[in-house]
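Here is the structure we will look at, set down as structure tokens.
Bear in mind that the values in this text are calculations on the coordinates, not laboratory data. Bear in mind that the values here come from a model prediction, so they are computed numbers and not experimental data. Note that each Cβ is placed from the backbone with ideal geometry, even for glycine, and that neighbours are counted across all protein chains shown.
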Amino acid sequence: MKAEECVMESSMLKIIDLSFSYDGKREVLSGINLDIKAGECIGLIGANGVGKSTLLKLIVGLEFAKKGKIIVNNMEVNSKNLREVRKNIGYVFQDSDAQLFMPTVHEDVKFALLNYGYGKDEADQIAYETLKKIGIENLKDQSIYHLSGGQKKLVSIATVLVLNPDMIIFDEPTVCLDPKNRRKFMEVLRSLGGTKIVASHDLDLIYDTCDRSVLIADQRIVKEGITQKILTDRELLENNGLELPLSMISRNKMSVIM
Amino acid sequence: MADALVSPAVGITMYAMSGMAAVYSIKKLRQEPDFKKKIPTMGVMGAMVFATQMINFTIPGTGSSGHLCGGILLTGLLGPYAGFLSMIGVLLIQCLFFADGGLLALGGNIFNMAFYGCFFGALIWKIVMQNGISKRKITLYSILGSVITLQLGAFSVTIQTLCSGVTELPFKMFLSLMLPIHLAIGFVEGLITMAILNFIYAARPELLWSDGHEENKYIRSGLSYKKTMIIFTCVFFVIAGFVSLIASKQPDGLEWSIKKITGNTEINAKTDSKNDLDYDLKNDVNDDLNSSLITGTKTDIYENSEKIQQKTSLLPDYNFKNSDSDLGTSVSGIVGCMIVIIFLTITGFLIKLSKKGKHKLNE
Amino acid sequence: MNKIDYAIMEIHHLDHEAKKENILTRINPLAKLIITFLYIILLTSIDRYKPQQCIYMCIYLILIKIIGEISMKKCIKRLKVIFTIVLVIGIANPIINRNIVAQIGKIPISSGMISMTTLMIKGCFAIIASYFFIITTGMENFCVALRMIHIPGVLITVILLIYRYIIVFLKEVQRIWTAYSMRAPNQKGVNFKAWGSMIGSLMIRSIDKAGNVYDSMELRGFNPDTFFDKKNGFCEIDLIYFIFSAAVIVVIRYINIFEMIGNVFVFQ
């Protein structure tokens with residue numbers, strides 16, 4: 001198994017006893033402990049509103065926790081080394097519109113490069129290569145207002161991929177994608193190297209792409225383990241507001257019919 | 001306000017005033033603890049104001065419709081400093097992309113719409129919301145704020161236009177035209193603002209400005225705020241007073257200052273402006289003169305006006321004393337200009353043609 | 001609503017035009033901004049009884065039009081807006097000042113009419129000049145120019161964000177308006193009862209969305225204080241443009257070159 005091979009590698013993300021609340025009263029996350037090794041693909045699952053997005057925001061330093069520690073690549077996430085941390089992490093937003101704001105695809109993709117001090121020609125080249133890697137170099141000069149939902153998603157992946165991050169975070173990546181685009185997205189996801197965290201309640205996606213999964217409910221981690229085990233545990237899922245992946249259900253039905 | 005309606009002196013003065021307010025706002029904004037989080041909200045609010053300006057709101061009872069100016073609304077949501085800065089953005093984009101206003105008039109427009117709307121609006125908000133926010137108070141603030149700040153804005157538009165010397169309307173008449181129109185506009189804007197703010201108050205009250213639970217901080221900032229407002233008002237009135245003094249006692253003072261900036265040395269302009277401003281001030285006398293002009297038949301119009309001029313020397317005397325030569329120069333000037341235009345157009349056409357030819361050759 | 005369609009199209013058009021490659025678009029934005037400002041200042045400083053001098057100022061505009069290969073079609077539409085504003089203020093001049101100064105054929109010309117003409121010409125030319133500026137510069141470069149004169153990054157970021165969001169919102173407003181008018185077919189505008197909830201709910205939704213946009217900018221290393229500091233100083237071509245345009249504007253404003261040319265043809 002891939003996950004077992006990775007155990008030998010170094011830790012990419014370490015979360016130690018993390019608690020967080022927005023207003024100082026109601027805790028959104030409490031006592032989170034998590035260790036992710038380099039090269040792993042982790043599925044973060046949970047029903048709507050259990051704090052998946054909040055956890056992701058804490059990892060990239062968009063919010064800061066009062067209690068607990070987050071260590072990315074041996075650096076603690078705090079307001080001082082934010083720039084370094086963020087250079088190492090790519091974050092693909094749930095809403096692609098939020099991610100794309102420059103007038104054309106090409107400009108949007110090289111936005112991060114220019115911010116991190118790359119030269120103009122160098123940035124142009126890297127941006128083009130990144131677009132090619134995902135297979136959307138034909139969109140280079142398109143206006144971002146004229147992209148379809150699927151194209152937008154791919155472009156927003158390109159915008160974080162240009163910096164060649166060690167870890168990429170996807171927040172609900174398949175929302176609003178049609179089946180074909182979803183398949184295309186999964187292909188791209190599989191082809192990417194590095195550590196990946198996929199937060200989603202699209203359990204089929206998790207089942208197909210992630211080695212290990214983390215189930216969050218009631219502000220804490222309920223279960224952590226190999227994806228196949230968690231996603232086939234009907235009782236566990238249903239107790240935490242989720243359902244079996246569709247592929248599982250249809251497989252079960254098939255066996256009933258047979 | 002459009003570019004044509006302001007003179008350079010007035011335009012630059014207003015830029016300086018608005019610039020001061022902007023610098024101060026940025027300084028204040030930076031002191032707020034989470035100011036970086038406010039930036040996207042400022043952008044959104046600005047764009048919202050812009051987009052809602054495109055919607056016509058039907059006024060109940062009448063068939064007419066009004067739309068939004070935005071200062072009061074932005075203050076209620078963002079506070080004066082952030083509100084002022086987003087209004088600058090809105091006005092700038094309107095002027096550059098939609099020809100609403102102009103580059104030179106921008107300083108004045110910011111002052112007339114954003115400064116009053118945000119800073120005076122904030123003052124009104126502070127007074128009205130002293131003991132917490134309620135639906136009724138929001139209504140009061142919206143309508144009162146919109147009406148007052150629009151009146152102030154209209155008043156300073158009048159002053160700026162008159163100081164620029166583009167209109168021949170006497171001050172009182174201009175003011176009596178501007179204020180009632182803006183009273184109606186202000187009232188409608190107040191209603192729209194009220195509707196929006198009340199909805200937000202009901203749905204997400206924490207989005208409104210100056211949250212109640214920071215009471216201590218609120219009072220402290222209120223004091224310094226008052227101080228600044230007093231300073232700003234004083235500065236404004238000193239400048240306004242200074243300008244009007246120059247305008248009335250020494251009618252060519254303004255023109256003189258323009259000349260200092262632009263280096264214009266024409267004498268005609270000087271006498272003109274002097275006479276015109278005098279004319280504005282003493283319009284009572286002129287009414288009689290004008291009526292005599294209107295009643296006079298065509299043949300004795302020249303005689304009449306010349307007589308009047310000799311008598312009072314109040315009316316502009318441009319082109320009278322040596323009208324022939326003056327007219328002559330302007331005719332030849334226009335002919336010359338036309339020739340240059342034709343020459344340029346032909347050259348441009350030839351360049352285009354040669355480019356096209358090259359294209360064809362390349363193909 | 002036609003107004004919204006027009007606004008969306010206008011922004012796309014300007015974005016598109018500013019990306020064209022020609023001499024003018026490549027010139028340093030600050031140089032263009034200063035020249036445009038100079039032009040407008042010299043134009044508005046013209047005396048109100050000298051329409052002919054205003055007309056001379058069109059030479060600069062024609063030059064820019066030819067060099068920049070700018071189409072005037074879209075520009076005409078913008079003039080309509082400014083015409084109404086200037087007309088409202090200007091119409092009073094011929095009514096009040098009926099002092100007759102000349103006669104063309106049998107039509108008497110009053111100084112009020114002259115000053116109104118001057119006003120109209122000034123209004124048009126000023127608008128055309130700023131249109132030429134923005135159409136050859138674009139919003140990003142304009143922001144760079146603002147940064148070069150040390151306007152704080154925070155303000156520029158806000159301006160740029162507003163510009164970015166405008167299209168998003170215009171489209172959103174358009175959708176809402178369409179949905180609204182389909183259920184309220186006989187209304188010209190939005191009914192009083194729907195004012196608050198319509199705009200208010202849009203606003204609340206947008207604030208959350210805007211937070212995300214800014215977050216994503218920050219995650220990619222955006223810093224308002226340094227982002228616009230792009231190193232593009234004045235190079236030779238900028239200097240040539242600057243001196244040439246300034247010279248043209250000053251000459252057509254202060255030297256009676258056209259009268260000299262005209263005299264050759266008129267009084268011989």
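Cross-link pairs exceeding 21 Å in C-alpha to C-alpha distance, out of A:14/A:67; A:152/C:20; B:28/B:126; B:38/C:209, comprise A:152/C:20. Residues of segment B:172-194 with the amide nitrogen closer than 11 Å to a label point 7 Å from the Cα of residue C:95, along Cα-to-Cβ, please. Correct set: B:174, B:177. Legend: calculated FRET efficiency, residue A:191 to residue C:246, from the Cβ-Cβ distance at R0 = 45 Å, rounded to 0.05, equals 0.20. Based on Cα contacts under 8 Å between residues 6+ apart, chain A shows a relative contact order of 24 percent.
Rounded to the nearest whole Hz, the Karplus-based 3J(HN,Hα) values (6.51 cos²θ - 1.76 cosθ + 1.60, θ = phi - 60°) of segment A:110-120 follow the sequence 8, 3, 5, 4, 5, 5, 9, x, 6, x, 5, with x at glycine and proline. Per-residue Cβ neighbour counts within 10 Å put A:211, A:233, A:178 in the sequence A:178, A:233, A:211, beginning with the fewest. Distance from the alpha carbon centroid of segment A:27-102 to that of segment C:138-216 works out to 29 angstrom. Peptide A:59-65 has a mean shielding of 2, counted as Cβ atoms of other protein chains within 10 Å of each residue's Cβ.
Among the chymotrypsin sites (Phe, Trp or Tyr not before Pro) within segment A:93-201, those in coil by DSSP and having at most 16 neighbouring Cβ atoms inside 10 Å are A:116. Computed over chain C, the per-residue total of -39500 (n - 2.57) for DSSP H runs of n ≥ 4 gives a 222 nm mean residue ellipticity of -25000 deg cm²/dmol, rounded to 500. Modelled spin-label separation between residue A:226 and residue B:27, with each label point placed 7 Å from Cα along the Cα-to-Cβ direction: 6.6 nm. Note on chain C: with a GNM built from Cα contacts shorter than 10 Å, the maximum mean-square fluctuation among C:255, C:40, C:135 falls on C:255.
Across the alpha-carbon set of chain C, the Rg to Rh ratio works out to 1.05, Rh being the Kirkwood radius.
Using C-alpha pairs below 8 Å separated by at least 6 residues, the relative contact order for segment C:1-146 is 39 percent.
Please find the FRET efficiency linking residue A:250 to residue C:182, where r is the Cβ-Cβ separation and R0 is fixed at 41 Å, and quote it to the nearest 0.05. Provide the component values of the computation, followed by the final result.
Numbers: r = 40 Å, r/R0 = 0.97.
Here the calculated transfer efficiency is 0.55.
Projected label points at residue B:184 and residue C:201, each 7 Å from Cα along the beta carbon direction, are separated by 3.2 nanometres.
Largest GNM mean-square fluctuation across A:76, A:63, A:235, computed for chain A with C-alpha springs under 10 Å, falls on A:235.
Round to the nearest 0.05 the FRET efficiency obtained for residue A:78 and residue A:176 when R0 = 56 Å and r is the Cβ-Cβ distance. The calculated FRET efficiency here is 0.95.
Largest mean-square fluctuation among A:23, A:108, A:166, in a Gaussian network model of chain A whose springs join Cα atoms under 10 Å apart, belongs to A:23.
Loop-resident trypsin sites (Lys or Arg not before Pro) (DSSP state other than H, G, I, E or B) in segment A:16-125 with no more than 11 further Cβ atoms inside 10 Å of their Cβ: A:25, A:26, A:66, A:80. Projecting label points 7 angstrom from Cα along Cα→Cβ for residue A:47 and residue B:35 puts them 4.3 nm apart. Neighbour counts of other Cβ atoms within 10 Å put C:218, C:21 in the fewest-to-most order C:21, C:218. Close amide H partners of residue C:190, meaning residues 5 or more places away or on another chain with modelled amide H under 5 Å apart, are B:56, B:57, B:58. Remark: C-alpha extents of segment C:15-156 on the principal axes read 54, 32, 23 Å, sorted largest to smallest.
In what sequence do A:249, B:185 fall when counting other Cβ within 10 Å, fewest first?
Values: A:249 12, B:185 19.
Ascending Cβ contact count within 10 Å gives the list A:249, B:185.
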